Amino acid sequence: MMKKIMYVLWALGAVIIFTAFTAPAHSSQDNTKAKTAPAGTFDLVVSAIKQGNVSGLTPYLDNTIEINISGKSNSYSKTQAEVILKEFFSKNQVKSFDLLHQGEGGGGSRFGIGNMNTAAGAYRTYFLLQKKGSSMVLNELRFETK
């Protein structure tokens with residue numbers, strides 16, 4: 001009888017220890033899901049760039065955004081940025097955009113680097129999304145002539 005009690009206590013202890021070690025793994029998976037949620041924004045920005053779609057970029061523009069076009073750089077308000085981007089894409093109809101590299105920076109930021117071919121020429125394209133509250137905003141956009 002004593003052996004059965006010891007066996008039950010040992011099995012119960014093993015279950016408690018197993019649960020204690022696996023519980024953080026479950027919560028870290030939940031955190032991973034939360035971290036990857038902004039990936040939708042990243043993909044939508046890439047898609048908008050591929051299409052030269054300013055309307056697709058506008059919802060993600062920060063209140064002020066740094067835009068660099070062929071070495072000419074300035075900070076613009078969201079409204080000004082929309083005008084600048086419409087002008088850029090009207091002169092540079094996108095033929096293709098290949099995302100070459102993407103990564104994460106500090107504070108939950110994400111960036112993408114790619115090559116964009118347009119009717120007027122080729123550009124090395126870089127964009128930076130930064131976490132602002134619970135969403136991601138487009139903080140920097142560069143189109144450098146290749």
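Restricting to segment 87-146, and then to whatever is outside any strand (DSSP E or B) and either on the phi > 0 side of the Ramachandran plot or of a type in the set (Ser, Thr, Tyr) (or both), can you tell me which residue is surrounded by the fewest Cβ atoms within 10 Å (Cβ to Cβ)? So that I can check it myself, show each step before the final result.
To start, the set of residues in segment 87-146 that are outside any strand (DSSP E or B) comprises 87-93, 105-109, 119-120, 133-134, 146.
With either on the phi > 0 side of the Ramachandran plot or of a type in the set (Ser, Thr, Tyr) (or both) added as a condition, the list becomes 90, 107-109, 133-134.
Details: Ser90: 10, Gly107: 8, Gly108: 13, Ser109: 17, Gly133: 6, Ser134: 8.
Per the stated criteria, the residue is Gly133.
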Filtered residues of segment 60-77 (kept if surrounded by 14 or more Cβ atoms within 10 Å (Cβ to Cβ), of a type outside the set (Ser, Thr, Tyr) and under 19 Å from the mean Cα position of the chain (by Cα)): Leu61, Asp62, Ile65, Glu66, Ile67
Using beta carbons and a limit of 9 Å, which pairs, at least six apart or on different chains, have the first residue in segment 41-70 and at pLDDT below 95 and the second one among the aliphatic types (A, V, I, L, M) and surrounded by fewer than 16 Cβ atoms within 10 Å (Cβ to Cβ)? none
Does Lys3 count as exposed (fewer than 14 other Cβ atoms within 10 Å of the Cβ), modelled with pLDDT of 95 or more and either of a type outside the set (Asp, Glu) or closer than 17 Å to Glu140 by Cβ (or both)? no
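The values are calculated or read from the model by the stated rules, or taken from the named source; none is laboratory data. Quantities reported herein were computed from a predicted structural model and do not represent experimental measurements. Please note: Cβ atoms are built from the backbone with ideal geometry, for glycine as well, and neighbour counts cover all protein chains shown.
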